[in-house]
Amino acid sequence: MIMEQNILTELKDNILYVTINREKKLNALNKATLAELAEMVTYAAKTEEVRAVLLTGAGEKAFVAGADISEFSSYTAEQGTELARIGQAEVFNAIENSPKPFLAAINGFALGGGLELAMACHIRVAAESARMGLPEVTLGLIPGYGGTQRLTQLVGKGRALEMITTAEMISAERAEKIGLVNYVVPLSELISKAEEILNKIKQRAPLAVAAAIRSVNTAVTSVGFATEINEFGKCFATQDFKEGVSAFLEKRKANFKGS
Ligand code: COA
């Protein structure tokens, strides 16, 4: 049903298991992976047997370590804006607005676009070993897949601004404490905890579950997504962005000049 090169899917007992499968690149989201995710979201929405979606990353190290930096390193402001606009529409907002509940099982690093993907899901469960953060400002960027909006909604403005401006990662324990994840469990129990939650939801009335998602989403509707897309795009026109991504790709510390 889905072109599966970068993601793996399996439908079992009405749960669609989706694994992002680029383990060597810490499951970073390149364009092909995003396209497969978009296709999967459409499939899940229209397929009656799918009552819930469990999203995780391959391996034990990463859920998703962000958008694929190597792919956008030479983007212009226009291309940056398009990257955020299309990604938000086809994947991140599509997940958030899906009539099927999505649960992110965060098995390791959830950084940048990876944490944004987890935050677009309706429920999050993390392994004790998971670490989460929005490190975009280390690259001369800001989160562009809804992170400035959804992190603020989940943890409040003060904590969101601290995480985004310091770019520091936080532990799973801290993430649970501030409301970023619903539960923290040992890695070996991650999938069973996720299944325990989804097995409850899938017994409930599907139309009512979809109505609940629509209603809860409306409570936190924000015009800030458009601001984020615009600001994200503008970052690509800065010298700091060029310095930030070059430093990452060359495995050295960035030296920002504010230009
Ligand atoms: N985009 C592209 N490639 C990425 C990536 C990303 N977001 N995150 C990791 N990778 C790649 C690395 O370049 C490396 O590839 P290589 O083996 O071909 O050199 C591979 O995945 C393994 O990562 P590495 O950095 O060697 O692992 P580590 O254990 O030393 O560090 C992290 C792990 C998560 C701390 C580090 O990979 C990292 O900081 N990633 C980027 C996080 C980020 O800024 N995300 C936001 C993007 S908007």
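The values are calculated or read from the model by the stated rules, or taken from the named source; none is laboratory data. In this text, all values refer to a predicted model and were calculated from it rather than measured experimentally. Note: ideal-geometry Cβ built from the backbone for every residue, glycine included; neighbour counts use all protein chains shown.
Observations on the structure shown:
- Qualifying residue in the stretch 72-82 (condition: within 25 Å of CYS235 (Cα to Cα), at pLDDT below 95, within 16 Å of the ligand (Cβ to nearest atom) and not hydroxyl-bearing (Ser, Thr, Tyr)): yes
- Which listed residue, of VAL64, VAL53, is more than 16 Å from the ligand (Cβ to nearest atom), touching a residue at least 40 places away in the same chain (Cβ under 8 Å) and among the β-branched types (Val, Ile, Thr): VAL53
- Filtering the stretch 52-79 to residues that are of a type in the set (A, V, I, L, M), closer than 12 Å to LEU26 by Cβ and out of contact with any strand residue (DSSP E or B) (no Cβ under 6 Å at 6 or more places or on another chain) leaves only ILE69.
- Verdict on LEU117 being within 15 Å of the ligand (Cβ to nearest atom), within 16 Å of LEU37 (Cβ to Cβ), touching a residue at least 60 places away in the same chain (Cβ under 8 Å) and not basic (Lys, Arg): yes
- Qualifying residues in the stretch 14-39 (those that are in a loop (DSSP other than H, G, I, E, B) and within 9 Å of the ligand (Cβ to nearest atom)) - the one surrounded by the most Cβ atoms within 10 Å (Cβ to Cβ): ASN27
- Members of the stretch 126-150 found to be under 12 Å from the mean Cα position of the chain (by Cα) and either of a type in the set (A, V, I, L, M) or in a loop (DSSP other than H, G, I, E, B) (or both), listed by number: MET132, LEU134, PRO143, GLY144, TYR145, GLY146
- Scanning the stretch 108-125 for residues that are surrounded by 24 or more Cβ atoms within 10 Å (Cβ to Cβ), in a loop (DSSP other than H, G, I, E, B) and under 8 Å from the mean Cα position of the chain (by Cα) returns a single hit, GLY112.
- Residue list for the stretch 212-230, filter: crowded, with 18+ Cβ neighbours inside 10 Å and among the charged types (D, E, K, R): GLU228
- Where helices (runs of 4 or more DSSP H) sit wholly within the stretch 200-259, those with at least 1 residues that are among the hydrophobic types (A, V, I, L, M, F, W, C) and more than 17 Å from SER70 (Cα to Cα) occupy 206-219, 224-235.
- Any hit, the stretch 98-105, residues being part of a helix (DSSP H, G or I), crowded, with 20+ Cβ neighbours inside 10 Å and of a type outside the set (Val, Ile, Thr): no
- Pairs are defined by a Cβ separation below 8 Å, a sequence spacing of at least 6 or placement on different chains, a first member in the stretch 124-136 that is farther than 14 Å from SER171 by Cβ, and a second member that is surrounded by fewer than 24 Cβ atoms within 10 Å (Cβ to Cβ) and among the small types (Gly, Ala, Ser); the pairs so defined are LEU134/ALA167; PRO135/ALA167; GLU136/ALA167.
- Output for the stretch 232-256, where each listed residue is crowded, with 17+ Cβ neighbours inside 10 Å and polar (S, T, N, Q): THR238
- Yes/no for LYS157 being free of Cβ contacts under 8 Å to residues at least 60 places away in the same chain, within 12 Å of the ligand (Cβ to nearest atom) and surrounded by fewer than 24 Cβ atoms within 10 Å (Cβ to Cβ): no
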